[in-house]
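Okay, structure first, notes after.
The values are calculated or read from the model by the stated rules, or taken from the named source; none is laboratory data. Everything numeric in this text was worked out from a predicted model, so none of it was measured. Every residue, glycine as well, gets a Cβ built from its backbone with ideal geometry; the counts of neighbours run over all protein chains shown.
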Amino acid sequence: MRQILCLSADPWRTIPTRTQQLMTRMRDAQVLLFEPPGKYSRQPGRRVRPGLTVCALPPVLEAEERHRLLFRLHYRKLGKFIRRQMEHHRFKEPLLWCTAPEHIHLLDEVPHRGVVYDCDRDWPDQSPRWESDLALAADVVFAASQGLIDHLSPCNDNIALLPNGVNHPMFTRPPAELPPELRGLSSPILGYTGTLWRDLDLAPVLYAAQAMPACTFVFLGRREKNPMAELLERLPNVRLLGRRAPVEVPDYLARFDVCLNLLRRSEQGNDVVPCRIYEYLSSGKPVVSILFPEQVEHFPDVVYGAHSPEEFAALCRRALAETGDWAKNRRREHGAAAAWSARADEVTRILGTTGLY
């Protein structure tokens with residue numbers, strides 16, 4: 001049985017992260033996943049499913065790198081904890097799966113037989129030198145977009161594109177009964193799933209909702225304090241439904257006539273395709289997405305890409321008028337190809353060619 005020791009940049013969540021999606025699908029492997037230190041100590045060794053155990057790293061006094069002694073003590077303490085857990089779970093020299101630049105400081109603390117760096121985002125709050133060193137040390141680098149490949153390629157020739165994915169079976173199952181919040185709403189329904197971030201640009205959908213009063217615009221997801229959300233909420237044809245359990249989201253999405261994708265202002269230049277897009281594609285529904293200036297749509301054959309609020313509203317109308325099954329079937333093909341199980345199979349194939357799996 002293969003062994004993978006995963007250093008996760010994010011805590012284990014009810015809404016699964018990329019790391020969770022991949023680690024739960026690694027075949028014939030035992031996975032020991034370490035989530036970041038929290039404010040409070042959590043019970044170590046939570047067995048979340050057969051073959052996968054999650055441990056919370058202990059709270060430690062963090063120090064800046066310029067305070068060399070304290071900085072080293074911080075990672076030595078984490079390394080000692082990890083080694084104890086490895087011994088407890090009988091991990092010898094596992095494959096070390098890293099997900100953040102700071103994990104470079106644990107390479108000398110943790111026994112391993114190989115290193116993988118899975119890069120799914122930019123890291124503006126961590127030292128570029130850390131990321132360069134980690135990419136140099138990695139036997140294989142996975143990158144979630146071409147932009148990240150270009151960013152890391154000076155440090156490693158063995159880089160593979162591994163985009164985000166989708167829980168394909170969940171988003172293609174027959175929908176349950178109509179969610180109560182959608183009963184009585186005027187059709188057609190145009191919907192967005194995901195967090196309403198503070199910096200989420202809602203101008204396109206605000207314009208569209210005002211220009212299309214006969215349509216209902218539904219938002220499903222956690223809400224931050226976004227000033228434009230208050231303006232949206234005042235419109236009679238807009239519903240902000242809040243967060244729902246991940247397993248419920250497909251039942252709402254199945255009732256959308258058009259799926260909407262919006263952008264965070266802080267992510268201009270980010271070319272990582274969010275999981276939301278693959279969820280939309282799996283449903284086969286028409287998708288309308290706003291783009292940054294000069295940004296190119298990743299799926300131009302099946303996604304309506306707009307560069308202004310006016311164009312966004314016009315494309316919403318065009319999407320509602322879409323006929324035929326070609327685009328619907330093509331979207332579903334894109335969704336099936338992005339299944340997390342297919343992504344994990346690609347990981348094992350690549351690791352197998354390098355002798356790491």
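Which is out of contact with any strand residue (DSSP E or B) (no Cβ under 9 Å at 6 or more places or on another chain), modelled with pLDDT of 95 or more and among the charged types (D, E, K, R), of Asp271, Asp251? So the residue among Asp271, Asp251 that is out of contact with any strand residue (DSSP E or B) (no Cβ under 9 Å at 6 or more places or on another chain), modelled with pLDDT of 95 or more and among the charged types (D, E, K, R) is Asp251. Contact annotation: residue pairs with Cβ atoms under 8 Å, 6 or more positions apart or on different chains, pairing a residue in the range 72-85 that is assigned by TED's automatic domain parsing to the domain that holds Ala56 and over 11 Å from Pro59 (Cβ atoms) with a partner that is of a type in the set (Asp, Glu) and surrounded by 15 or more Cβ atoms within 10 Å (Cβ to Cβ), are Tyr75/Glu109; Arg76/Glu109; Gly79/Glu109; Lys80/Glu109; Ile82/Glu109; Arg83/Glu109.
Looking only at the range 280-287, decide whether some residue is surrounded by fewer than 16 Cβ atoms within 10 Å (Cβ to Cβ) and either touching a helix residue (DSSP H, G or I) at 6+ places or on another chain (Cβ under 7 Å) or in contact (Cβ under 8 Å) with a residue 24 or more places away in the chain (or both). No; the residues of the range 280-287 include none that is surrounded by fewer than 16 Cβ atoms within 10 Å (Cβ to Cβ) and either touching a helix residue (DSSP H, G or I) at 6+ places or on another chain (Cβ under 7 Å) or in contact (Cβ under 8 Å) with a residue 24 or more places away in the chain (or both). On inspection, Leu196 fails the criterion of being under 16 Å from the mean Cα position of the chain (by Cα) and surrounded by fewer than 17 Cβ atoms within 10 Å (Cβ to Cβ).
Table: residues versus (1) of a type in the set (A, V, I, L, M, F, W, C); (2) over 16 Å from the mean Cα position of the chain (by Cα).
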| site | (1), (2) |
| --- | --- |
| Ala254 | yes, yes |
| Asp257 | no, yes |
| Ile277 | yes, no |
| Glu294 | no, yes |
| Tyr304 | no, yes |
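Scanning the range 227-239 finds one or more residues that are at pLDDT 95 or above and assigned to a strand (DSSP E or B). Scanning the range 251-274 for residues that are of a type outside the set (A, V, I, L, M) and crowded, with 21+ Cβ neighbours inside 10 Å yields Phe256, Cys259, Asn261.
Considering the conditions (1) of a type outside the set (A, V, I, L, M); (2) in the same structural domain as Gly269 (by TED's automatic domain parsing); (3) touching a residue at least 12 places away in the same chain (Cβ under 8 Å), Pro180 is excluded by exactly one of them, (3). Trp326 falls short on exactly one of the conditions (1) closer than 30 Å to Ala214 by Cα; (2) crowded, with 19+ Cβ neighbours inside 10 Å, and that condition is (2). Restricting attention to the range 250-269, the residues being in a helix (DSSP H, G or I), of a type outside the set (Phe, Trp, Tyr) and within 30 Å of Arg173 (Cα to Cα) number 3. Of note, Asp201 satisfies the criterion of being among the acidic types (Asp, Glu), within 20 Å of the chain's Cα centre (by Cα) and at pLDDT 95 or above.
If you go through the range 144-169 and keep only what is over 16 Å from the mean Cα position of the chain (by Cα), hydrophobic (A, V, I, L, M, F, W, C) and not in a loop (DSSP other than H, G, I, E, B), you end up with Ile149, Leu152, Ile159, Ala160. When Val205, Val218, Val247 are screened for being surrounded by 15 or more Cβ atoms within 10 Å (Cβ to Cβ), in a helix (DSSP H, G or I) and in the same structural domain as Ala314 (by TED's automatic domain parsing), only Val205 passes. Evaluation of Leu356 against the conditions (1) part of a loop (DSSP other than H, G, I, E, B); (2) more than 29 Å from Val116 (Cβ to Cβ); (3) in contact (Cβ under 8 Å) with a residue 12 or more places away in the chain shows that the sole unmet condition is (2). For Trp340, the conditions (1) aromatic (Phe, Trp, Tyr); (2) closer than 30 Å to Leu96 by Cβ; (3) more than 25 Å from the chain's Cα centre (by Cα) all hold with the exception of (3).
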